[in-house]
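Following: one structure in structure tokens, then a few remarks.
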Amino acid sequence: MASGMNSESVRRAIATPMVDRIAVEDSGRAATEPLRDDIRYLGGLLGDVIRSQAGDEVFDLVENSRVDAFGIRYADVTRDELAGRYDGRAVGELMPVIRAFTSFALLANLAEDLHRERRRRIHVLAGDPPQDSSLGATFARLADAGLSDAQVGAELSGAHVVPVITAHPTETRRRSIFDAQNRITELMRLRGRTELTADEDARITRDISRQILMLWQTALIRMRRLTISDEITTGLRYYGASFFEVIPSLNTDVRTALAEVFPTAGTADLSIIAMGSWIGGDRDGNPFVNGEVVTEATTAAAATVMRHHLDELAELHQELAMSVRLVRGVTDELSTLGAGFAPEYPDGVDDEPFRSAVTAVRSRLLARAQATLGADFIAPADRELAAASEAYESAAQFLADLDVIDAALRAVVDDAIADDRLAALRESARTFGFHLSGLDMRQNSDTHEEVVAELLAWAGACDDYASLDEDEKVAVLSAELTSRRPLTSPEAVLSELATKELGVVYAAAAAVERFGPRAVPNYVISMCRSVSDMLEALVLLKEAGLYYVRNGVPTSSVRVVPLFETIEDLQAGAAILTDALALDFYRGLVRWQDDVQEVMLGYSDSNKDGGYFAANWALYRAELDLVEAARSAGIRLRLFHGRGGTVGRGGGPSYDAILAQPPGAVQGSLRLTEQGEIIAAKYAEPVSARRNLESLVAATIESSLLDVEGLGDESAQAYEVFDELAAGARRAYSRLVHDTPGFVEYFTSSTPLSEIGALNIGSRPTSRKQTTAISDLRAIPWVLSWTQCRVMLPGWYGTGSAFDEWAGDDPDRIALLADYYRRWPFFRSVMSNMAQVLAKSDMGLAYRYAQLVPDEDLRERVFSMIVDEHEKTIAWCAKITGSDDLLADNDALKRSVVNRFPYLEPLNLLQVELLERFRAGDDSPQIRRGIQLTMNGLATALRNSG
């Protein structure tokens, strides 16, 4: 270990820009020149706005900061010199600098997304083979694999890919910012793809400048603390922005492609992509989620999809104006559907029967909306039409009527019309129903135990449930879950906690009644450590009528989903599942639920518990064990991946991550969380949404049908090696995080952790409990804090020591690791994601944050450990991958790091400056606002911060 902050290794690390670890080749410069042109163009327009709005002095400070930031890369300027520009300046003078570099980050993100889109178009126009992660490439691989229709049908039966939208404290952008970005994107597309006259080009430039001006004059984040209502609204905006357009067409394309290649596979009714949400149902550590919030979330979702369906029907009514005088062979079913809704025609013949049928459908849909969402949801002009029909009881009835219109169009050879808006609406009815997305409930197992103990005591079923051992708890719970007796009654006097928890499940039951069983499909149990933890959730569902025993058969439309989070829980997960399925009534419940058991895997807490490498291997091992447990029980396993945006929380390219799953872990179905600025990056507009959703589907299909592990007969040996590596990585990580005296003080002092909780960021507290223990800290602030200070510790720490301990200088062992890297997608993904994190880290900036630690000895000890491990891990990346270039396999991120990471310098240095002032006692609103803006700016620029 280095002896202190003045050691040679520390001096070298803080003086070496990370760009020196990235090889920039001139051969690829021509391909990236359009990106640099776009960045210069947008940056120039932003500079013009800053000069006109804030004056020459602010513009000069911003411009000089930019020049110095690039000078730091080339050692022409020191960080001290750039930081010196901000010394002694009033916060009001610094705020425009923060806003300028945050705005630039938004525009640079946009330029990079457009460049990726441009490169893909170039490949398509050149006739190149389909790129990896596209459906074209996937179906080409399936065709080459020689699969039978029966094999495809068996694996993809009930295929289910569900991105689950979750809230995140760094994604606080307002709707106006969101809309301005999308308008700039469309204008830049027009500018890049169209041959423009000088006047047209000038007009587009004026339009883009106007949008940038609006961005500059709009507060980037809200003045007040984010509420759950804000988060619900933010999550729902992506449906109108992209999901309603993209998901129906993607589902149709997948179904069509499968039918062409495997016509008898039985996938004709497959709608593979659906959506889920945690916003408003996830109350683990969030005291603000209650029954009213569950009602708000499910109602807002239903209102969103109902507006979509009604708007599309209104458009169809305009389009389907075909006259019986011009088309022949209108079906009797269509005439029957529209009977009573035709205008009065002189000859008594319905001249526009398609319009009449659409009106009939709209009438029933309006009646449904009025019944479930209230009379105020219906415009006064539509209330008479809503009263003219019986409401649809289900989305299936709505779809059946749309199918009648579809068949009638095809009967008169209007297939092209049927395949347009109507086809999209039919697919929307299948996918979104009347609920839009499934809202998961989630709560911590400790809370369940406390509430169930109270209910059992009140009912006289068990006086001291908490004191029982596991077998006794399972016996008590099993007795309750095989009887029809409730544990509560309206006159029950319960604690505030029990009343609140029951209120949530009662609200969920009401949502299921109003919007259908898909409205609340799952109940996730955080920190699940036993069978009793699973059964306690069922007891709560039983009290709300969501679980019941009918004719001796346990039934529930809500699946209980154990979430295994820590490394020990992941290791025990398969045994817990096996023991639960050994209970006759629980096995009967899973049988009633189509023999599908969902299990959630926690990437965040396992990483916080044991470090990056140990957590990734624990997850892989857990999946192997769970697959075997499910196979032995004769059920189908569906895994739910609790991934965050950053690598420390399971982030990284989704396509690669899915292909890196062990054999049998996908089986046509998976769910995964999407959150924070990652949602905006992936789904803010249709082009990027299509690309990212397509990659999820492509990887799911490939993982289900092809052998992607690549280890063959050597898997057992590889697993043993990785058991040893993971143990070593965990020991190294624990020496720092769990065993180093004062580590918590170092962490809280050298990062903006405490400010995350104090600065009105997000609706959720930073800790599950009011303690300072790392184990109680929520994963998002843990990762976000390390990301802001550019240490990025959760994405790499401990890995270098593990390789060093296991392989050392042994050439055979080093060669074996290199071989695994080449052949094994899991290991390649682990190394690639870690290299991305290391490329975004910066020990020079981290050093400045370390100066915030008051205890000099603690500062030197911990920072030196971090630097030593950082250097060791980078060295092992080179040995294993065979390249000194950290981003040799990621050209897109390489462009980002080289072209625009210098723009992060001012944001980091300003954050340190403001943190120093804040902690010295300057608690002014402007200081708080400035820190919050730097957090948002860095999260935007890094794109996967928490």
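The values are calculated or read from the model by the stated rules, or taken from the named source; none is laboratory data. Quick caveat, the model's predicted, so the values are computed rather than measured. Counting neighbours? That spans all protein chains shown, and the Cβs are built from the backbone with ideal geometry, glycine included.
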Condition check for SER489: farther than 30 Å from ALA357 by Cα and of a type in the set (Gly, Ala, Ser): yes
Among the candidates ALA371, ALA400, ALA381, ALA367, residue that is in a helix (DSSP H, G or I) and modelled with pLDDT under 95: ALA381
Pick from region 518-530, criterion within 20 Å of ALA466 (Cβ to Cβ) and assigned to a loop (DSSP other than H, G, I, E, B), ranking: modelled with the lowest pLDDT: MET527
Subset of region 379-396 (residues that are closer than 17 Å to SER428 by Cβ and surrounded by fewer than 17 Cβ atoms within 10 Å (Cβ to Cβ)): SER394, ALA396
Near pairs, Cβ below 6 angstrom, 6+ apart or cross-chain, from region 386-404 (in the same structural domain as THR331 (by TED's automatic domain parsing) and of a type outside the set (Ser, Thr, Tyr)) to any residue that is crowded, with 17+ Cβ neighbours inside 10 Å and in a loop (DSSP other than H, G, I, E, B): ALA386/ILE378; ALA395/GLY433; ALA395/PHE434; PHE398/TYR392
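This table checks each residue for (1) surrounded by 13 or more Cβ atoms within 10 Å (Cβ to Cβ); (2) in a loop (DSSP other than H, G, I, E, B); (3) at pLDDT 90 or above.
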position	(1), (2), (3)
ALA13	yes, no, no
GLU33	no, no, no
TYR41	yes, no, yes
TYR86	yes, yes, yes
Pair list, Cβ under 6 Å, 6 or more apart: region 854-877 residue over 28 Å from TRP806 (Cα atoms), other residue crowded, with 19+ Cβ neighbours inside 10 Å: LEU858/TYR746; ARG859/ALA850; ARG859/VAL853
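Matching residues to (1) over 36 Å from the mean Cα position of the chain (by Cα); (2) modelled with pLDDT of 95 or more:
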{"site": "TYR465", "(1), (2)": "yes, yes"}
{"site": "ASP471", "(1), (2)": "yes, yes"}
{"site": "LEU477", "(1), (2)": "no, yes"}
{"site": "PRO486", "(1), (2)": "yes, no"}
{"site": "PRO490", "(1), (2)": "yes, no"}
{"site": "LEU497", "(1), (2)": "no, yes"}
{"site": "VAL505", "(1), (2)": "no, yes"}
{"site": "ALA508", "(1), (2)": "no, yes"}
Checking THR264 against (1) over 30 Å from SER157 (Cα atoms); (2) of a type in the set (Ser, Thr, Tyr); (3) not in a helix (DSSP H, G or I), the condition it does not meet: (1)
Single match in SER389, SER356 (criterion: farther than 19 Å from ARG421 by Cβ and among the hydroxyl-bearing types (Ser, Thr, Tyr)): SER389
Test result for ASP282, under 30 Å from GLY602 (Cβ atoms) and not assigned by TED's automatic domain parsing to the domain that holds ALA408: yes
Evaluation of TYR847 against (1) farther than 16 Å from THR881 by Cα; (2) surrounded by fewer than 19 Cβ atoms within 10 Å (Cβ to Cβ) (one fails), failing number: (2)
Complete set of residues in region 540-565 that are within 16 Å of LEU639 (Cα to Cα) and of a type in the set (Lys, Arg): ARG559
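Residue-by-condition table, conditions (1) surrounded by fewer than 20 Cβ atoms within 10 Å (Cβ to Cβ); (2) hydroxyl-bearing (Ser, Thr, Tyr):
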residue	(1), (2)
PHE70	yes, no
THR78	yes, yes
ASN109	no, no
ILE122	yes, no
SER133	no, yes
ALA137	yes, no
ALA145	yes, no
PRO163	no, no
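For every residue, the table says whether it meets (1) surrounded by fewer than 24 Cβ atoms within 10 Å (Cβ to Cβ); (2) at pLDDT 95 or above; (3) not in a helix (DSSP H, G or I).
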site: GLN770; (1), (2), (3): yes, no, yes
site: SER775; (1), (2), (3): yes, no, no
site: TRP786; (1), (2), (3): no, no, no
site: PHE826; (1), (2), (3): no, no, no
Top-ranked residue of region 680-713 - restricted to ones that are surrounded by fewer than 20 Cβ atoms within 10 Å (Cβ to Cβ) and either modelled with pLDDT of 90 or more or hydrophobic (A, V, I, L, M, F, W, C) (or both), ranked as nearest to the chain's Cα centre (by Cα): ALA681
Cross-chain or 6+ apart pairs with Cβ under 8 Å, region 710-723 first and touching a residue at least 12 places away in the same chain (Cβ under 8 Å), then assigned to a loop (DSSP other than H, G, I, E, B) and surrounded by 15 or more Cβ atoms within 10 Å (Cβ to Cβ): GLY710/TRP824; LEU711/TRP824; ALA718/LEU711; ALA718/TRP824
Given (1) crowded, with 18+ Cβ neighbours inside 10 Å; (2) hydrophobic (A, V, I, L, M, F, W, C); (3) modelled with pLDDT under 95, index of the condition ALA716 fails: (1)
Cβ-Cβ under 7 Å pairs, at least 6 apart or on other chains, region 452-471 side touching a residue at least 60 places away in the same chain (Cβ under 8 Å), far side part of a loop (DSSP other than H, G, I, E, B): LEU455/LEU487; LEU455/THR488; GLU470/SER530
Within region 531-603, strands (runs of 3 or more DSSP E) holding 1 or more residues that are on the phi < 0 side of the Ramachandran plot and out of contact with any Phe, Trp or Tyr (no Cβ under 8 Å at 6 or more places or on another chain): 547-550, 559-564, 596-602
First in region 188-214 and in contact (Cβ under 8 Å) with a residue 40 or more places away in the chain and part of a helix (DSSP H, G or I), second anywhere and surrounded by 14 or more Cβ atoms within 10 Å (Cβ to Cβ) and hydroxyl-bearing (Ser, Thr, Tyr), Cβ under 8 Å, 6 or more apart: ILE212/SER103
Given (1) under 33 Å from the mean Cα position of the chain (by Cα); (2) surrounded by fewer than 20 Cβ atoms within 10 Å (Cβ to Cβ); (3) part of a helix (DSSP H, G or I), index of the condition ASP376 fails: (1)
Residue within region 499-515 that is charged (D, E, K, R), surrounded by 21 or more Cβ atoms within 10 Å (Cβ to Cβ) and part of a helix (DSSP H, G or I) present: yes
Test: residue in region 232-243 that is within 22 Å of ARG421 (Cβ to Cβ), within 20 Å of the chain's Cα centre (by Cα), among the small types (Gly, Ala, Ser) and buried (at least 21 other Cβ atoms within 10 Å of the Cβ): yes
